[in-house]
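Here is the structure we will look at.
The values are calculated or read from the model by the stated rules, or taken from the named source; none is laboratory data. The structure displayed is predicted, hence computed values, not measured ones. All Cβ positions, even for glycine, are placed from backbone atoms using ideal geometry, and neighbour counts span all protein chains on display.
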Amino acid sequence: MIEVLVVDDDTRVARVNAAYVAKVPGFHVAGEAHTAAEALGLVEELPHLDLVLMDHYLPDETGLAVVQEMRRRGHQTDVIMVTAARDISTVRAAMRQGALQYLVKPFAFAGLRTKLEAYAELRRTLDGGGEAEQAQVDRIFGTLSASAEPDLPKGHSPPTAGLVRRALIDAEGPLSAQEVAEETGLSRQTAQRYLKLLERTGRATLTLKYGDAGRPEHRYVWATRV
């Protein structure tokens with residue numbers, strides 16, 4: 001489980017954000033903080049903390065000041081800014097201080113879920129260790145900045161693309177169009193159409209599996225797993 005600290009000066013908003021986090025598989029809310037002092041205290045107290053959702057406008061200090069102090073104390077916990085601050089100077093400062101993402105309030109559950117799923121995908125990629133070729137480095141750096149779905153051509157549905165994407169991400173290995181169809185409840189033709197789209201946009205990689213008859217079966221794997 002990815003342990004998350006939710007920081008927001010508004011207790012109601014903090015509860016809502018914590019509820020959002022709890023709805024995303026693989027994430028657990030380790031604590032909530034409403035001031036800079038509380039946030040720093042919990043960062044010190046929670047030994048297995050992975051991620052902080054950091055508000056910028058706190059009553060006793062800014063969220064970016066909290067991030068600076070975390071780094072000064074040696075805490076390398078990942079940070080996603082979740083704030084109403086939208087001025088470019090604050091966004092730039094967040095980038096320079098290593099925030100992995102920046103989510104502007106107000107947002108719906110889908111907006112936060114997209115950021116969290118991208119973060120989880122990044123962690124899975126990095127946990128593999130070893131060395132990376134340039135193509136994999138590009139995918140790693142693009143994981144958090146890319147949108148959840150590619151720009152969809154006319155006739156394609158974002159929810160359907162999301163179903164296919166989720167099936168590939170959750171799979172332990174390459175899937176055929178038929179397997180994706182069975183997993184998602186889509187027709188084989190629809191699954192194949194979206195798989196080809198994901199392949200064309202670089203999100204999925206095509207592999208071939210040869211059977212006894214010698215005819216290859218097209219199978220797809222989410223690109224960061226390659």
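Observations
Yes/no per residue for (1) closer than 22 Å to THR114 by Cα; (2) touching a helix residue (DSSP H, G or I) at 6+ places or on another chain (Cβ under 8 Å):
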site: GLY155; (1), (2): no, no
site: PRO159; (1), (2): yes, no
site: LEU163; (1), (2): yes, yes
site: LEU168; (1), (2): yes, yes
site: SER176; (1), (2): no, no
site: SER187; (1), (2): no, yes
site: ARG193; (1), (2): no, no
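- Residue in segment 42-63 that is in contact with a helix residue (DSSP H, G or I) (Cβ under 6 Å, 6 or more places away or on another chain), part of a strand (DSSP E or B) and among the β-branched types (Val, Ile, Thr) present: no
- Residue ID - surrounded by the most Cβ atoms within 10 Å (Cβ to Cβ), chosen from residues in segment 8-21 that are under 23 Å from GLU121 (Cα atoms) and free of Cβ contacts under 8 Å to residues at least 60 places away in the same chain: ALA18
- Of the residues making up segment 89-126, those that are of a type in the set (A, V, I, L, M, F, W, C) and assigned to a helix (DSSP H, G or I) number 12.
- Selection of segment 55-96 for residues being charged (D, E, K, R) and in contact (Cβ under 8 Å) with a residue 60 or more places away in the chain yields an empty set.
- Among the residues making up segment 50-71, those that are aliphatic (A, V, I, L, M), touching a strand residue (DSSP E or B) at 6+ places or on another chain (Cβ under 9 Å) and either surrounded by fewer than 20 Cβ atoms within 10 Å (Cβ to Cβ) or farther than 30 Å from ASP170 by Cα (or both) are LEU58, LEU64, VAL66, VAL67, MET70.
- Some residue of segment 22-33 being surrounded by 14 or more Cβ atoms within 10 Å (Cβ to Cβ), touching a residue at least 40 places away in the same chain (Cβ under 8 Å) and part of a helix (DSSP H, G or I): no
- If you go through segment 168-199 and pick out every residue that is within 22 Å of the chain's Cα centre (by Cα) and free of Cβ contacts under 8 Å to residues at least 40 places away in the same chain, you end up with 7.
- Some residue of segment 54-66 being farther than 30 Å from ALA167 by Cα, at pLDDT below 90 and charged (D, E, K, R): no
- Single residue of segment 85-141 satisfying the filter (modelled with pLDDT under 80 and among the β-branched types (Val, Ile, Thr)) that is farthest from ILE169 (Cα to Cα): VAL137
- Residue match in segment 67-78 (condition: touching a Phe, Trp or Tyr at 6+ places or on another chain (Cβ under 8 Å) and within 30 Å of ALA167 (Cα to Cα)): yes
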